[in-house]
Amino acid sequence: MFKYIFRRTIYMVPILFGVTLLTFTLFHVVGGDPAVLAAGKHATPEQIELIRQSLGLNRPLYVQYFQFLHQIFTLDFGRSWSSRQNIWTMFTQGVGPSLSLTLPAFLIAEVLTISLALLLARWRDSLFDRVTKITCLAMLSLSSLVYILWGQYVLAYKWDIFPISGWDPSWAGRWEFLGLPIVIFVLLSLGSNILFFRTVFLDEIYHDYVRTARAKGLNESGILFKHVLRNAMIPIITRVVQEMPFLILGSLLLESFFGIPGIGGLVVLAIQNADFPVIKAMTFLSAVLYMIFQLISDVLYAVVDPKIQLR
Amino acid sequence: MNFATFSLKLSVQFFIRKGKAMLITTLSLLLTLSMGCTRKNKDAENTLNIVATSNIKTLDPIEASDVYSSGAVAQVYEGLLHYHFLKRPLQLEPLLAAQMPKVSKDGLTHTFTLRQGIKFQDDSAFPEGKGRELTASDFIYSWKRLADPNNKSEGFWVFDNKILGLNEWREQVSKGKATYETPIEGLQAPDRYTLIIKLKKPFYQLHYVLTMSYTSVVAKEVVERYGKEFLNHPVGTGPFKFESWTRNNQLVLTRNKDWSLHTYPTEGEASDKAQNYLEDAGKKIPFVDKVVIQEIIEDQPRWLNFMKGNLDYTSIPKDNFDSAVQNGKTTKELNDKGIHLQINREPDVTYTAFNMNDPILGKNENLRKAMSLAYDTDTSIKKFYNGRAITAQSPIPPEVDAYDPNYKNPYKEYNLSKAKEFMVKAGYPEGKGLAPIEFSSPNSTTNRQTAEFFKQNMEKIGVKINIVTSSWPQFTTKITEKKAQLWGIAWLADYPDAENFLQLLYGPNGSPGPNGANYKNKEFDELYEQASHLLPGVERDKIYQKMRDIFTKELPWIPGVHRLSYSTYHNWLKNFKFHSVINDNLKYFRIDTKERGEMKAKL
């Protein structure tokens, strides 16, 4: 297995190389001129030229590209052109708040939806199943903004259950503000998760081994837990693990509506501001995260399914 | 087994298997809910709670180019001059200067005397952590920082080509041939408290510029101590001290107990007494112990927080406007909550610029006039501003010298038949023979909508518009590279002088400078230069009005609107008088904490 992990890690290098090349090229082809942006509304050609010099924008492209590679190796991504913050600091300071929203919300949502999906699979085609299915479809078709606006207006403003928005950097204080965004995150995951997991379980429930188990006299819940859940682990792991990088990268809408100082808006803001250093860093980090979790999910396959061997 | 027994069994089994995870999540959820119910009551504190509707980017004066960064900077840092808090039109007053400067007859030498005994706020960058006294050479250092090309300050334009030797010094620094020790002829400190500024040519806007955050004073020790992190560690001479800043969340400032530069003004406008703006006349300021600036980008949470009393004042979001204001007054709901409305005219202008180098638009005055006559400004004000704007007749907005409320631009009325006549004169009757014109716009929703509205208007006279949207950086790059044909943009006053708007049409300021339309008119440029030698007054206003008439005759832009700002504030906030050019206003605001406590319980 370690050989496998090692080999996969080596494979990552050319892929990451490709990512850096693509990001770099895209930015230089379609991005606005950052020197014009930095010089501001009263710019003169002389000022723009000075800024171009100090940002290193008039060096040959390949030199700029090698500088970018150097930054990646040293994990020193420099400073944002728009906020002038150290990018690594921006990332590390934002990850905590982002994760304290997404991680608990994600765990609650997964446990809740997997249990509900099991119930639906047990009573497939019952009234309970149909009503839940329709509700899920209805929930899916509503925009996430509707949940946020409603939650904030009704639960926070009218009923006073939660604060409207805000943040407390201390661990004890932040939960007060995380309540409502967590509830909304869970609500947002319900529809698609339940429908997905229900299909996964139903796929399994008609297999021969289930019939055999029934014939042997095992009860339904025993079958569901001992056999079906275990066999359905592969698609569940795929889905769960692949969502992990997005947890780290935060939730743009929830963070911006609830004032959570996470990194959800970092990339969007950076693109709006042609903030190339931040775009570079975040694209690179996202690619790394994505590949790491891809690897983790492959390793987990082998853990839950003895038939899969990592070579 | 019925459904209920099954689910119970299932959950018990599940709990045993996934017990730990479930326990943790359930606990955190419970904790969340319980904390929500026992929210701390902070209302008794003498804190001013305000909002920034976009992120504060920096607390370094030379980098503070946006409204909220410079607004925050102005509470901690100070400059030589500032505006009187109450008087309108705006009036300059000395702040760190002991009195208004002595200006030589030729207008070239401005001599400032500093107040003595002003101290920087305490910080570990100073010996024994005690702030030292401010001297004239601190200003020279601060302004060299502004000019230093390595700092890439967006604010250098305030001194660009104006102070003797400063541009040369900047050039030398970029080549590594000068340092901060290299003297500059135009900036001299003959003694601790005297500062002499020598100009290349008369520039009477200098005094306005000296109120701006860019020119406020910093201490060399602090800049050197924090290096690149200086933007996160502001230490000034101002009435508030930096306490903490969580980016994308909130900035907290506390009262500087050692500050005693001045007191609350004892006089103001004629109507100020009746409006209770003079109740605190002569009292020691700042009134509040703490200022919390929350960064809330989205409209709904901002408005709801205000309505709950968590913010002391805010502007009204577009979607909440109708429920808040009717017929220019607050609605009953707001009235009952003790919320007041304040309407101010903004010194700004929106406009649709023509690229004057464009072979079609730039050469055809009649076509430009036809397009201006076909634009329905009144409807656009209703549609996009909830009526919160007035039609702009020229580039000169209200609240600045030379603004004439009675001036009517003959091409600024909505008159389709007249517009069609001009289309004939332009050589394109009903648009025949005219190629589609490209309208560039940033890609935000509102910008798209306004562009769409412009397109619909132009269709009525047969002018076809293609809308091309792009990100803000691409949009500005397109303008500076003269690749845009037609675009909509706005300008907000840096200082209350028409010059700040007319420079947008001054020939030598062409792209990449602020004259994006690349308008050139010899007479206009000469008048601009002539006005720069004159002090504010009737004579200068006349020149500005001549320039306005040239603008109207040639119409390089379709002037759009001047916006009105609608601020709402709670009754417990006292002395709330707003002006978008005045930055250092928080020290004058007072909170009636008792009233806030009582009112908030009812909200």
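Go over the candidates B:Trp259, B:Trp245 one by one and state the one that is within 20 Å of A:Ser80 (Cβ to Cβ) and touching a residue at least 24 places away in the same chain (Cβ under 8 Å).
On inspection, the qualifying residue turns out to be B:Trp245.
Only one of the listed residues (B:Tyr77, B:Tyr83, B:Tyr68) is surrounded by fewer than 21 Cβ atoms within 10 Å (Cβ to Cβ) and not charged (D, E, K, R). That residue is B:Tyr68.
Please work out if A:His28 is within 30 Å of B:Gly510 (Cα to Cα), surrounded by fewer than 16 Cβ atoms within 10 Å (Cβ to Cβ) and either within 12 Å of chain B (Cβ to nearest Cβ) or at pLDDT below 80 (or both). Taking the combined requirement at face value, the residue satisfies it. A:Val210 meets the conditions (1) within 25 Å of the chain's Cα centre (by Cα); (2) of a type in the set (Val, Ile, Thr); (3) farther than 30 Å from A:Tyr65 by Cβ; (4) in a helix (DSSP H, G or I) in every case but one. The failed one is (1).
Yes/no matrix, rows are residues, columns are (1) modelled with pLDDT of 95 or more; (2) part of a helix (DSSP H, G or I):
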position: A:Gln152; (1), (2): yes, yes
position: A:Gly166; (1), (2): no, no
position: A:Pro169; (1), (2): no, no
position: A:Val183; (1), (2): yes, yes
position: A:Ser192; (1), (2): no, yes
position: A:Gly217; (1), (2): no, no
position: A:His227; (1), (2): no, yes
position: A:Arg230; (1), (2): no, yes
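As a summary of the residue check, B:Tyr68 satisfies the conditions (1) away from every other protein chain (no Cβ under 13 Å); (2) more than 27 Å from B:Ser532 (Cα to Cα); (3) under 23 Å from the mean Cα position of the chain (by Cα) except for the one numbered (1).
Yes/no per residue for (1) assigned by TED's automatic domain parsing to the domain that holds B:Val424; (2) under 17 Å from B:Tyr351 (Cα atoms); (3) assigned to a strand (DSSP E or B); (4) among the basic types (Lys, Arg):
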{"residue": "B:Glu452", "(1), (2), (3), (4)": "yes, yes, no, no"}
{"residue": "B:Met458", "(1), (2), (3), (4)": "yes, yes, no, no"}
{"residue": "B:Ile467", "(1), (2), (3), (4)": "yes, yes, yes, no"}
{"residue": "B:Gln474", "(1), (2), (3), (4)": "yes, no, no, no"}
{"residue": "B:Thr477", "(1), (2), (3), (4)": "yes, no, no, no"}
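In region B:181-193, the residues that are more than 14 Å from B:Ala147 (Cβ to Cβ) reach residues that are surrounded by fewer than 13 Cβ atoms within 10 Å (Cβ to Cβ) with C-beta atoms within less than 7 angstrom, at least six apart or across chains, in these pairs: B:Tyr193/B:Gln116.
Could you please let me know if A:Ile205 is over 28 Å from the mean Cα position of the chain (by Cα), touching a residue at least 40 places away in the same chain (Cβ under 8 Å), within 25 Å of A:Thr135 (Cα to Cα) and assigned by TED's automatic domain parsing to the domain that holds A:Gln294? So A:Ile205 fits the description; yes. Whether any residue in region B:96-105 is in the same structural domain as B:Leu195 (by TED's automatic domain parsing) and out of contact with any Ser or Thr (no Cβ under 9 Å at 6 or more places or on another chain) is what I want to check. Yes - at least one qualifying residue is present in region B:96-105. When A:Val267, A:Val278 are checked against the criterion of being free of Cβ contacts under 8 Å to residues at least 40 places away in the same chain, in contact with a helix residue (DSSP H, G or I) (Cβ under 6 Å, 6 or more places away or on another chain) and not basic (Lys, Arg), A:Val267 stands alone in meeting it. Checked against (1) under 30 Å from B:Glu413 (Cβ atoms); (2) crowded, with 21+ Cβ neighbours inside 10 Å; (3) away from chain A (no Cβ under 14 Å), B:Val288 meets all criteria but (1).
In region B:52-107, which residue that is assigned to a loop (DSSP other than H, G, I, E, B) and among the charged types (D, E, K, R) is nearest to B:Glu346 (Cα to Cα)? This residue is B:Arg88.
Does A:Met244 count as assigned to a helix (DSSP H, G or I), more than 14 Å from chain B (Cβ to nearest Cβ), among the aliphatic types (A, V, I, L, M) and buried (at least 22 other Cβ atoms within 10 Å of the Cβ)? No. Tell me which strands (runs of 3 or more DSSP E) are completely within region B:486-603 and hold 1 or more residues being under 27 Å from B:Glu413 (Cβ atoms) and out of contact with any helix residue (DSSP H, G or I) (no Cβ under 9 Å at 6 or more places or on another chain), or say none if there are none. By residue number, B:486-492, B:561-570. Taking the numbered list (1) surrounded by fewer than 20 Cβ atoms within 10 Å (Cβ to Cβ); (2) within 23 Å of the chain's Cα centre (by Cα); (3) outside the structural domain of B:Leu95 (by TED's automatic domain parsing) in turn, B:Gln205 passes all entries but (3).
The values are calculated or read from the model by the stated rules, or taken from the named source; none is laboratory data. Because the structure is predicted, anything quoted here is derived from the model rather than measured. FYI the Cβ positions are ideal-geometry reconstructions off the backbone, even for glycines, and counts take in every protein chain you see.
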